1. Scan the range 119-150 residue by residue and report those that are under 19 Å from residue 48 (Cβ atoms) and in contact (Cβ under 8 Å) with a residue 24 or more places away in the chain.
2. Going by what's in this entry, would residue 114 be described as within 16 Å of the chain's Cα centre (by Cα), surrounded by fewer than 18 Cβ atoms within 10 Å (Cβ to Cβ), at pLDDT 95 or above and not in a loop (DSSP other than H, G, I, E, B)?
3. Can you tell me how many residues in the range 183-197 are assigned to a loop (DSSP other than H, G, I, E, B) and in contact with a strand residue (DSSP E or B) (Cβ under 8 Å, 6 or more places away or on another chain)?
4. If you go through the range 99-111, how many residues are in contact with a helix residue (DSSP H, G or I) (Cβ under 9 Å, 6 or more places away or on another chain) and assigned to a helix (DSSP H, G or I)?
5. Please determine whether any residue of the range 134-142 is surrounded by fewer than 20 Cβ atoms within 10 Å (Cβ to Cβ) and more than 18 Å from residue 64 (Cβ to Cβ).
6. Find the residue count for the range 117-133, including only residues that are surrounded by 24 or more Cβ atoms within 10 Å (Cβ to Cβ) and in a loop (DSSP other than H, G, I, E, B).
7. Mind checking which strands (runs of 3 or more DSSP E) fall wholly inside the range 30-87 and carry at least 1 residues that are more than 13 Å from the chain's Cα centre (by Cα) and over 22 Å from residue 121 (Cβ atoms)?
8. Would you tally the residues in the range 153-182 being touching a strand residue (DSSP E or B) at 6+ places or on another chain (Cβ under 6 Å) and not in a helix (DSSP H, G or I)?
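The values are calculated or read from the model by the stated rules, or taken from the named source; none is laboratory data. For clarity, every value in this text was computed on a predicted model and none was experimentally measured. Ideal geometry is used to build each Cβ from the backbone, glycine not excepted, and the neighbour counts take in all protein chains shown.
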């Protein structure tokens, strides 16, 4: 479902853009994005995948930085169970140079990312998902050869203090799916930086 969202890329510069919005139960279209290793990655690249943890994130956002190690930990656990994590950066690099492809590659190496860090240069994937925050997570699961959204929202309930997390929303959803159990929480509110959208031509 399409709707208009007011997007401010600076204090004085705003633009309207059409944003899609995947909800639990929706079918996700595959995508192909450039990884920081120079290779193209899509969901179909993973022939054995049961599902994916898809996280819209970036380099510059303080909230996103809080989750760098947690993303590594999640992928380390769940990629071994054919439920890999894909991180996507969709911010306009002209507005935020720290989120450029070159800086993404540096960050991935510096933080020893063990997951693909994909560059959504056109922002088409973020628009399709309806991603508006960094970080913002989606859990998708394979059903009848389709990728179905099962959860979207926050990764957990405490970005600043990992030791005090009470609700691991993404992990709980993945564990439920892997054990053929119902997901108790399928939607939460993402907390983070707003997506930095490209200015739309008139």
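1. Of everything in the range 119-150, those that are under 19 Å from residue 48 (Cβ atoms) and in contact (Cβ under 8 Å) with a residue 24 or more places away in the chain turn out to be 139, 140, 141, 142, 146, 147, 148, 150.
2. no
3. Residues flagged as assigned to a loop (DSSP other than H, G, I, E, B) and in contact with a strand residue (DSSP E or B) (Cβ under 8 Å, 6 or more places away or on another chain) within the range 183-197 amount to 10.
4. Qualifying residue count for the region: 2.
5. Within the range 134-142, one or more residues are surrounded by fewer than 20 Cβ atoms within 10 Å (Cβ to Cβ) and more than 18 Å from residue 64 (Cβ to Cβ).
6. Selection size over the range 117-133: 1.
7. 51-56
8. Counting residues in the range 153-182 that are touching a strand residue (DSSP E or B) at 6+ places or on another chain (Cβ under 6 Å) and not in a helix (DSSP H, G or I) gives 2.
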